[in-house]
Amino acid sequence: MALSPIPKQGQAFVGQGDQATAPFYLWLSSLDRVVRELVDGSTGGGGTFLPTTTQVQGIVSIVSIGTLAGGVVQLRLQNDAAAPGNTTAYGTNGAGAKGWFPIADAVAVAAGQLTKAVGGDGVSTFGLADVADAGGGTLQRTQFDAKGRKTGTSVATTDDLAEGAGNLYFTTERAQDATGAMAANSANVTLAYVDATPSLTADLTNTAVAAGSYGSASQIATFTVDGKGRLTAAGQTAVSSAAITHNSTTGLQGGTAGEYNHLTNAQVDKLDDLVAPKGQILGLGVAWDSTTGVTVASGAAYLEGEGRVIEVPSALVASGLALAATTWHHVYLYLSSGTPTLEFSTTAPAAPYDGTARSKTGDTSRRYLGSLRTDGAGNIFNFLQVGDLVLYREQLDAAPFRLVANGTATTTTAVSAAAIAPVTARAVLLRVFNLSSAAGLQTGTSDGSASMFTFNPGDQVFLTHPVNTSQEMTYAFLAVPSPLGTYIDATGYHYER
């Protein structure tokens, strides 16, 4: 059954009464008949469809899936894939299996000679493999063909390398000639190069000084030396007996006209400097004047950086000091343009350089005299220094002087006195209260015995107690104290300077 002709372009689809026009009605009716015949399996025109028992077979790489009886038969490639991936081809792999395989798998490279990298798009990139440099060896001549391949090597020497205008081979002769050409005389040195030998000699240029010996038992040699250490003038002068002996009392340190060779004041002072102990300090005690001032008494001290004893003929007064709060400030003596001067610094003194004498850390021109402690407002705590002993004149049952308040520890416990004893202190003065009614109390140091001192229940004791290098002591009760523990107050310290 054939379809009716398709209506012409411009033909109306709907006519009067909203009905299809005749041309479209005939065409749609014929289309309906054709579809019904196809669905019913009859051509209506004398032809026939394939029987449902007909088999559809694929050949070689084509396979069929389904049957006509089932209504669907699919033909596809063997081992076909819906998404085979980028840059793939249908064929067989190295094992002969059929399917889709990356084209990159069809090409292999020799290890160590070529490299292959496959991108995400399946495209392969090839390159030359890097070769490790074995190093060593000798100078070689290498031959390459037109394709850049090495075709041969042979042992070579520098004679095989052409010499250029800028890159010259420095033969022995050339090196000697170049050195000789650079040799030039100066006002101080004469140079001579001999090519035939070859040799290069240097000689000092003669000065105006005549060669010979200068000085004798009655003559003193005199010389003038330039910046290069050469003698530019030489002479001699007669020795005057008046320079080494005296025949009168003029300039003598006592004695009579018949006594000779006495030392002058300057010579005596020099001997004092030479024989004075390097750790010497006399006087120079530090006294509290006010919360912002101290006075250092007169005296003398050896200054490590000066290498001699410095005399302080009168007291040095420092007032109106503005010092940082709750800090140790160390007092140092130094020379400012030859005048003894005080410095107050938070930099602690260094380890002793001789005996117990100390200089400022990093500055040997400063000699350590003592230390000042400030409170929370920057005021200097009131103290009294007697020799190497410093006694505080403050309320001692409050911080920072109260080191332990009702301590009850029964195991060895460290107590720091660093807030009231400077780094130069190795002993503190303590007031110890054992307010336990039954338990004994022991104190000591970490670098000694923990039981140096024993305090019976109810004891109230004043004593000088050692501390370690960190200004610490220890305490422990021998049993749990009751009703109270211990109170330990620091009243002063001994220090080294």
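The values are calculated or read from the model by the stated rules, or taken from the named source; none is laboratory data. Just so it is clear, the structure is predicted and the values come from calculations on it, not from any experiment. Backbone-built Cβ (ideal geometry, glycine too); neighbour counts: all protein chains shown. Note: areas computed on protein heavy atoms with side chains; ligands, DNA, RNA excluded. Shrake-Rupley method; radii C 1.70, N 1.55, O 1.52, S 1.80 Å.
Structure summary
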read-out: Residues located in the range 346-375, provided they are open to solvent by 40 Å² or more (accessible area, probe 1.4 Å) and part of a strand (DSSP E or B); value: Asp354, Asp363, Thr364, Arg366
read-out: Scan of the range 43-58 for residues that are open to solvent by 60 Å² or more (accessible area, probe 1.4 Å), polar (S, T, N, Q) and at pLDDT below 75, ordered by number; value: Thr48, Thr52
read-out: Residue match in the range 181-201 (condition: among the hydroxyl-bearing types (Ser, Thr, Tyr), surrounded by 11 or more Cβ atoms within 10 Å (Cβ to Cβ) and at pLDDT below 80); value: no
read-out: Filtered residues of the range 66-115 (kept if of a type in the set (A, V, I, L, M), open to solvent by less than 60 Å² (accessible area, probe 1.4 Å) and closer than 28 Å to Leu128 by Cβ); value: Ala89, Ala104, Val109, Ala110
read-out: Cβ pairs under 7 Å, 6+ apart, first in the range 208-237 and on the phi > 0 side of the Ramachandran plot, second in a strand (DSSP E or B) and open to solvent by less than 70 Å² (accessible area, probe 1.4 Å); value: Gly215/Ala221
read-out: Per-region count, the range 384-414, residues over 20 Å from Tyr368 (Cα atoms) and either modelled with pLDDT under 95 or surrounded by fewer than 20 Cβ atoms within 10 Å (Cβ to Cβ) (or both); value: 19
read-out: Which listed residue is more than 30 Å from Ser319 (Cβ to Cβ), surrounded by fewer than 14 Cβ atoms within 10 Å (Cβ to Cβ), at pLDDT below 80 and not charged (D, E, K, R), from Thr224, Thr245, Thr237; value: Thr245
read-out: Enumeration of residues in the range 162-180 that are free of Cβ contacts under 8 Å to residues at least 12 places away in the same chain and either within 30 Å of Asp226 (Cβ to Cβ) or of a type in the set (Phe, Trp, Tyr) (or both); value: Tyr169, Phe170
read-out: The range 21-42, residues that are small (Gly, Ala, Ser) and at pLDDT below 80; value: Gly41, Ser42
read-out: Residue satisfying all of: in the range 98-148; in contact with a helix residue (DSSP H, G or I) (Cβ under 8 Å, 6 or more places away or on another chain) and in a strand (DSSP E or B); modelled with the lowest pLDDT among these; value: Arg141
read-out: Near pairs, Cβ below 7 angstrom, 6+ apart or cross-chain, from the range 53-64 (under 14 Å from Asn79 (Cα atoms)) to any residue that is polar (S, T, N, Q) and at pLDDT below 80; value: Ser64/Gln57
